[in-house]
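*Asks:* Okay, here's the structure, questions in a sec.
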Amino acid sequence: MRLNSRAAAVATAVAALLLSGTAVASATIGDRATTGTPAASQAPVKPATPRPCTIDDVSFYFGGYTAGLSKRRFDLTLLAHDGVVCTLTDTPLITVRKADDGKSAPVSVNGRGGTLVLRPDSPLHTTAIYNIPDSPEHAVKVNALKLSMPDASSRSTYFYAPGDTDVYQAGVSFTSWTTGLGLGQGEESF
């Protein structure tokens with residue numbers, strides 16, 4: 001009798017292990033017996049496509065100012081707010097305003113026509129490059145910079161520093177948006 005009860009206990013333990021293994025397999029693989037369809041036939045969930053950035057999604061910062069004999073440059077870093085993931089073309093959407101009449105100064109921008117994804121942990125930066133005038137008749141005084149977004153929302157601030165800045169009449173050139181911290185690290189992409 002003792003041998004039979006031991007065999008029954010072992011059989012019960014083996015049955016319990018097999019049943020718990022089946023339950024785990026059903027939970028992770030899918031129970032074909034109860035659903036009738038394999039779990040692998042479920043459609044994978046596609047990540048949502050980020051929406052275009054608005055001006056309320058981002059902050060921008062200046063840094064990396066360098067000055068040579070005739071050339072000046074500074075970085076403009078664009079950072080998405082916490083929890084924001086949005087898209088932006090790789091061409092900076094920037095205008096520069098003249099101090100005397102408020103009209104736009106000449107601006108050239110570079111870009112490859114691509115789309116970038118802006119995240120809080122992946123800032124974008126562009127570098128503004130301009131020459132100082134060699135004589136007063138070649139000078140354009142600028143005092144404001146406006147950053148626009150794909151939805152036409154925009155924000156204006158001073159051109160690197162408060163007050164008027166003398167720029168050569170050819171204007172200001174901006175590099176493509178590139179990923180990285182900027183702040184004078186010398187990434188150029190013309």
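The values are calculated or read from the model by the stated rules, or taken from the named source; none is laboratory data. None of these values were measured; they are calculated from a predicted model. Heavy atoms of the whole protein, side chains included, go into the accessibility calculation; ligands, DNA and RNA do not. Shrake-Rupley method; radii C 1.70, N 1.55, O 1.52, S 1.80 Å.
*Asks:* By how many nm would the segment from Ile55 to Lys71 lengthen if fully extended, with 0.36 nm per residue of separation less the alpha-carbon distance?
*Replies:* 2.8 nm
*Asks:* Using 0.36 nm per residue, how much length does the chain from Ala152 to Asp82 gain when fully extended, once their Cα-Cα distance is taken away?
*Replies:* Length gained, Ala152 through Asp82: 23.0 nm.
*Asks:* Right, something else. Work out, step by step, the length gained on full extension between His138 and Gln169: first 0.36 nm times the residue separation, then minus their alpha carbon distance; give nm to one decimal.
*Replies:* 10.6 nm
*Asks:* In terms of modelled amide H atoms, which long-range or inter-chain residues lie less than 5 Å from the amide H of Cys86?
*Replies:* Sorted by chain and number, the residues that satisfy this are Leu118.
*Asks:* For the stretch 106-149, what % of the accessible area comes from carbon and sulfur atoms, probe 1.4 Å?
*Replies:* Of the solvent-accessible surface of the stretch 106-149, carbon and sulfur hold 48 percent.
*Asks:* If amide H atoms are built 1.01 Å from N in the plane of the peptide, which residues on other chains or at least 5 residues away come under 5 Å of the amide H of Val109?
*Replies:* Phe174
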